[in-house]
Amino acid sequence: MEDLNLTLNEKEALLFLEQKGTASPADIADETSLKIENATQASFLLEEKGLAEVKDEVSEKYHLSSEGTEYAEKGLPERQVLNGIDGPTSIKDLQEMLSPGMVGIATGWLKRKGWASIEKGNIIPAADVSETADEIALAKLGETAVSLEETGIDQKVMKDLIKRKLVEKEETKSRTITITADGQKIAASGLELTEDITQLTSRMLKSGEWKNKTFRSYNIDKPPKKVFAAKVHPYQRLIDQMRQIFLEMGFTEIKGDIIQSSFWNFDALFQPQDHPAREMQDTFHLESRSQLPGEYVETVCSMHEKGGDIESRGWGGKWDSDVAKRNVLRTHTTSVSIKHLADNPEPPVKAFCIDRAYRRETIDPTHTPEFEQLEGVVMDRNMSFANLLGCLKEFYHRMGFENVRFRPGYFPYTEPSVEPEVYIEELGWVELGGAGIFRKEVTEPLGIKEPVLAWGLGVSRLAMLRLGLKDLRELYQSDIEWLRRSPVCKL
Amino acid sequence: MPIITLDYEDLEKLTGTDRDSIIDRVPMIGADIERLEENSIDIEFFPDRPDLYSVEGVSRAMRGFMDIETGPVKYDINDSDVEISLDDDIKNIRPVLGCAIVRGVKFTESSIKSLMDLQESLHWGLGRNRKKVSIGVHDLSGIKPPFKYIGADPSVEFVPLDFTEPMNLAEILEKHPKGTRFAHLLEGYSKYPLILDANDQVLSFPPIINGTLTMVDKNTTDLFIDVTGLSGEVYTALNIVVAALADRGGRIESVKINYPGGESKITPDLSPEKRIISMDEVKSLVGMDLTSEEVAGHLRKMRYAASPADTNAVEIEIPPYRADILHNYDIIEDIAISVGFDNIEAIFPSTSTTGEAHPLSLMQDNIREIMIGLGYSEVMPFTLTSEKVHFDNMRRPHTEDVTPVMHPISEDQTMIRTTLLPNQLEILSLNQHHELPQRIFEVGEAIVDCTNKLHLAATSIHALANFEEIREIVDSMMMERNVPYSAKASEDPAFIEGRRADILVNGIKVGVMGEIHPQVILNFGLGQPVVGFEINLDE
């Protein structure tokens, strides 16, 4: 026979049941060392193993209430009234005889039972007022509870009495445990009354007690209670994956201020001062102003107004340094990389930045006013468009995208400009960013002599694809249950 | 960016091929297909190519790109005897003017709509909402040259489009829908731009509205076009419009513009700008070897005139309707587009460099390791918030070091945070239906006095959260950071008095910890004790 792994309590209960056949938990507790709750628990465990059956029964018993006891003695109020009069009597007179409350109850029942009629405040008794079923029942009941069967009272009559609050019902639950044939067999096979080890203790280790005992087994099929690991946010994990890729490709990580002057956010990138993207409806403008970097103001101004000293037309018009001083919440991290290039004009420069950018967008499932951007730049001798495509392809391949294609794009500060797309099953070609070679109008005024390859990638879009989210807001307004149930190794 | 609706029938007829071939190739010239309708297609073109804002312009480009007809389109211009003179007043209001006459146009409903759409897209794209460029197209039949472009008194009257009664210029700015919309462009002027014919009939009130007199309909065959504005874009816009009309069979005639000083100018000027491109430039930008023959071929596909000058150079002529060619770079991009970006071999740069993580990122990595080890999960909330959440809900006084945004989109996002704790209480309040305890942290940026500050904040919510719990966490975190610190009774009103402490490093306050004040808990709609801390990691 398989190892049933009985606890000491189960063994004691089973041996007791072997003798009695059927018993209540109280019986077991009386005759063994177990307390009632242990006897009950052991019984259920025995039942799980098919060694005993536990049966719960509820029995209903009835006894008179204090009011019921009074009426059993004196008669029901309606009977008391009838007994007290011998012809039509006014209610007023009655109220002098009995208490007004009693008369109220009595008149109601007199009418309902048809024992009397009431006309113009007079009670007129009927002819037939013989004993009714409730009166018989009342007489049969006492203060000790009895079952319905014992009294032989009709169920409906009992219900009415309970409704009149003359009888109270009490429910008693009884539990009986009966040994099964299997239980008999096990008990007969002989049980040793020793306790298995449930928890190994330092005392047992010291005493060596564990050597003579067996360990209680656990039910390994029982599902465990859920506990959750604290973890890095899945979105941060994705960002770290990208950081790692760029570090492996030999890029330096850069960071910069969230608040940037319009100069670094727009003007240094050859965005004309009347460009729609600079307007209030697209950009978060601030009241504060920045100092302009003196060494670049003239060259940037000249490039905007007339194309500087290179063969460019520029944008024409007048470039206003006050407009350039206005601070904004950076609309792209390109403001960080262009500043880095201006500060580090010696090639080679390979830098990247993954940080937050801000656009004046109304929040909806696919737009948020703040989002992460991945920015990368390569400045070196002889860099070409072919090298830009090489950097993009390498990055996307390392991110796990097999199929990458390139389409013409447009950004005011790059030429040529390209929109890389990756192929995703079920979605087709998905645009994942923008890239290009910085225009000479951008690099010349800052003293950058070599070509600059640059790209920006909307990280949050990629995160939605990778994390299976339908709403961008879920990245920022964390649902803790979602965090708890996002496996670390899913990415 | 403008989305252009192209009628399939028009597109097929003007391009000379079927719609499926065009739809297949059009994204590769630089456009995003927005949606396909039964009879038309909506395409978004880039703001640097206003010449593609019409079915005529797209067809012209696609004929070249798909090798149906390459090289430049030749546009003949005949002289007309029509003249227009400017007066002294207009010089200071809206001085740049370009005009043309186009005869023999056969309009259909769809081609009138296409012309109007082109006008609107140019107003937006080149014209910065009519400020720099506005265009008027007139039926020539009811008006008599020579014309005048003057600064007129606001009391001059005419019947504007969409109205039946005469209005004066001031009334138009106040009452006409176009007037109210664009009145700001004429703010501060005592006289307004006006174009009149020889009999003083009004053609147009630029940049606001045309007169009904010259309204174009299906019977119109001869057009007078005026483009007014502030800069050279005026002439480009004029070229784009006349080229589109000529593509439909119109004959272009020039107009002589007389300036007050006696000078004059003939428009439109469709003579191309000439440039020379060297193969070295092409090679260095594209990163691909191409012969001058090949380069010339690609440029002709992009509708330039191009011929090899020698093995190392190509002489080219830029189409007069192109607005985007500021520099040779722009021409070389067209070569790359014609080659096809996917036909350029992608080469990872060969220069060897070493990568280096930013110290702040490394610090954040360490902080994450510590906080996760202590059982706290990371969150990444928004940094935009409101004074109500940031200060009022926290029972904290408003501070001066905060950065408000000037035109918030909603009352929930009026400023950039200076601390991280309020965001976390918001996140806890969003998660009340989930099991407790909840323990979260963020390592992220706050903006104090316009400068980034790296902060760490953490909160714990459950029935037994108390000061000792957070005190232990802060102690462990500071030990792991290897930063000696001390704690001192705090006065931060966001916490319960007697259960709050400032965190000091070298005697300077860098943070605060404690049991969140019951009123703060209630302000965030929470119903359980919360403890938390926040420190500035820069100090």
**Request:** Could you tell me which numbered condition B:Leu326 fails, if it satisfies all but one of (1) over 30 Å from the mean Cα position of the chain (by Cα); (2) crowded, with 16+ Cβ neighbours inside 10 Å?
**Result:** (1)
**Fill in**
Note on region B:204-223: residues outside any loop (DSSP other than H, G, I, E, B) and either within 22 Å of B:Thr108 (Cβ to Cβ) or open to solvent by 30 Å² or more (accessible area, probe 1.4 Å) (or both) are B:Asn210, B:Thr212, B:Leu213, B:Thr214, B:Leu223
**Request:** Hand me the list of strands (runs of 3 or more DSSP E) wholly inside region B:441-539 holding 2 or more residues that are within 19 Å of B:Arg368 (Cβ to Cβ) and either in contact with a Ser or Thr (Cβ under 6 Å, 6 or more places away or on another chain) or open to solvent by 10 Å² or more (accessible area, probe 1.4 Å) (or both).
**Result:** B:451-461, B:530-536
**Item:** A:Arg356 being within 26 Å of B:Gly30 (Cα to Cα), charged (D, E, K, R) and in a strand (DSSP E or B)
**Value:** no
**Asked** Out of the residues in region A:455-491 that are open to solvent by less than 30 Å² (accessible area, probe 1.4 Å), within 12 Å of chain B (Cβ to nearest Cβ) and not in a helix (DSSP H, G or I), which is nearest to A:Phe228 (Cα to Cα)?
**Response** A:Ser486
**Asked** Just for region A:307-336: of the residues that are farther than 26 Å from A:Ala435 by Cα and among the basic types (Lys, Arg), which one is farthest from the chain's Cα centre (by Cα)?
**Response** A:Lys318
**Request:** Could you please find all residues in region A:351-381 being at the interface with chain B (Cβ under 9 Å from one of its Cβ atoms), open to solvent by less than 30 Å² (accessible area, probe 1.4 Å) and closer than 14 Å to A:Ile448 by Cα?
**Result:** A:Val378, A:Asp380
**Prompt:** Within the bounds of region B:6-18, is there any residue that is part of a strand (DSSP E or B) and within 18 Å of B:Ala336 (Cα to Cα)?
**Reply:** no
**Request:** Pull up region A:415-443, narrow it to residues that are within 10 Å of chain B (Cβ to nearest Cβ) and open to solvent by 50 Å² or more (accessible area, probe 1.4 Å), then point me to the one that is nearest to A:Arg243 (Cα to Cα).
**Result:** A:Glu431
**Prompt:** Taking the stated definitions as given, is B:Ser155 in a loop (DSSP other than H, G, I, E, B), among the polar types (S, T, N, Q) and open to solvent by 10 Å² or more (accessible area, probe 1.4 Å)?
**Reply:** yes
**Prompt:** If you go through region A:159-182 one residue at a time, do you hit one that is within 30 Å of A:Gly87 (Cα to Cα), of a type outside the set (A, V, I, L, M, F, W, C), without any contact (Cβ under 8 Å) to a residue 40 or more places away in the chain and in contact with a helix residue (DSSP H, G or I) (Cβ under 7 Å, 6 or more places away or on another chain)?
**Reply:** yes
**Message:** So, in region A:409-433, how many residues would count as being of a type in the set (Ser, Thr, Tyr) and not in a strand (DSSP E or B)?
**Reply:** 2
**Request:** Mind listing just one residue for me: the one in region B:304-317 that is surrounded by fewer than 22 Cβ atoms within 10 Å (Cβ to Cβ) and without any contact (Cβ under 8 Å) to a residue 60 or more places away in the chain and, of those, nearest to B:Ser271 (Cα to Cα)?
**Result:** B:Glu315
**Message:** Looking at A:Asp93, A:Asp56, A:Asp86 in this structure, which one is under 30 Å from A:Ile186 (Cα atoms) and either exposed (fewer than 14 other Cβ atoms within 10 Å of the Cβ) or at pLDDT below 85 (or both)?
**Reply:** A:Asp56
**Item:** Residue match in region B:2-21 (condition: surrounded by 21 or more Cβ atoms within 10 Å (Cβ to Cβ) and within 24 Å of the chain's Cα centre (by Cα))
**Value:** yes
**B:Ile225 being within 21 Å of B:Asp51 (Cα to Cα) and β-branched (Val, Ile, Thr)** = yes
**Request:** Keeping to region B:343-398, report how many residues are in a loop (DSSP other than H, G, I, E, B), at the interface with chain A (Cβ under 7 Å from one of its Cβ atoms), among the polar types (S, T, N, Q) and open to solvent by less than 70 Å² (accessible area, probe 1.4 Å).
**Result:** 3
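Each row is one residue, and each column tells you yes or no for (1) in contact (Cβ under 8 Å) with a residue 40 or more places away in the chain; (2) in contact with a Gly (Cβ under 7 Å, 6 or more places away or on another chain); (3) over 17 Å from B:Ile331 (Cα atoms); (4) of a type in the set (S, T, N, Q).
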| residue | (1), (2), (3), (4) |
| --- | --- |
| A:Asn387 | yes, yes, yes, yes |
| A:Phe395 | yes, no, yes, no |
| A:Pro412 | yes, no, no, no |
| A:Glu419 | no, yes, yes, no |
| A:Glu431 | no, no, yes, no |
| A:Glu444 | yes, yes, yes, no |
| A:Gly456 | yes, yes, yes, no |
**Request:** Determine which member of the set B:Lys488, B:Lys453 is touching a residue at least 12 places away in the same chain (Cβ under 8 Å) and within 14 Å of another protein chain (Cβ to nearest Cβ).
**Result:** B:Lys453
**Request:** May I ask you to list the residues in region B:414-440 that are assigned to a strand (DSSP E or B), of a type in the set (A, V, I, L, M) and out of contact with any helix residue (DSSP H, G or I) (no Cβ under 8 Å at 6 or more places or on another chain)?
**Result:** B:Ile416
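Residue-by-condition table, conditions (1) at pLDDT 95 or above; (2) surrounded by 18 or more Cβ atoms within 10 Å (Cβ to Cβ); (3) within 14 Å of chain A (Cβ to nearest Cβ):
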position: B:Lys91; (1), (2), (3): no, no, no
position: B:Val105; (1), (2), (3): no, yes, no
position: B:Ser114; (1), (2), (3): no, yes, no
position: B:Ile135; (1), (2), (3): yes, yes, no
position: B:Ser141; (1), (2), (3): no, no, no
position: B:Glu165; (1), (2), (3): no, no, no
**Request:** Looking for whichever is surrounded by fewer than 19 Cβ atoms within 10 Å (Cβ to Cβ), within 26 Å of A:Leu389 (Cβ to Cβ) and basic (Lys, Arg) here; the options are B:Lys283, B:Lys265, B:Lys301. Which one fits?
**Result:** B:Lys283
**Qualifying residue in region A:393-414 (condition: more than 9 Å from chain B (Cβ to nearest Cβ), touching a strand residue (DSSP E or B) at 6+ places or on another chain (Cβ under 7 Å), open to solvent by less than 50 Å² (accessible area, probe 1.4 Å) and among the charged types (D, E, K, R))** = no
**Item:** Answer from A:Asp309, A:Asp364 - the residue that is farther than 30 Å from B:Lys283 by Cα, at pLDDT below 95 and not polar (S, T, N, Q)
**Value:** A:Asp364
**helices (runs of 4 or more DSSP H) within region A:120-190 that include 3 or more residues open to solvent by less than 90 Å² (accessible area, probe 1.4 Å)** = A:133-140, A:155-163, A:181-188
**Request:** Check every one of the helices (runs of 4 or more DSSP H) wholly within region A:1-119 and list those with 3 or more residues that are out of contact with any helix residue (DSSP H, G or I) (no Cβ under 7 Å at 6 or more places or on another chain) and touching a residue at least 24 places away in the same chain (Cβ under 8 Å).
**Result:** A:8-20
**Asked** How many residues are over 17 Å from A:Val418 (Cα atoms) and outside any strand (DSSP E or B) if we restrict to region A:361-392?
**Response** 10
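The values are calculated or read from the model by the stated rules, or taken from the named source; none is laboratory data. If you're wondering where the values come from, they're calculated on a predicted model, not measured in any experiment. Here the Cβ is made from the backbone with ideal geometry for all residues, glycine too, and neighbour counts use every protein chain on show. Ligands, DNA and RNA are stripped out before the accessible areas are found, and what is left, the full protein with its side chains, is counted by its heavy atoms. Shrake-Rupley method; radii C 1.70, N 1.55, O 1.52, S 1.80 Å.
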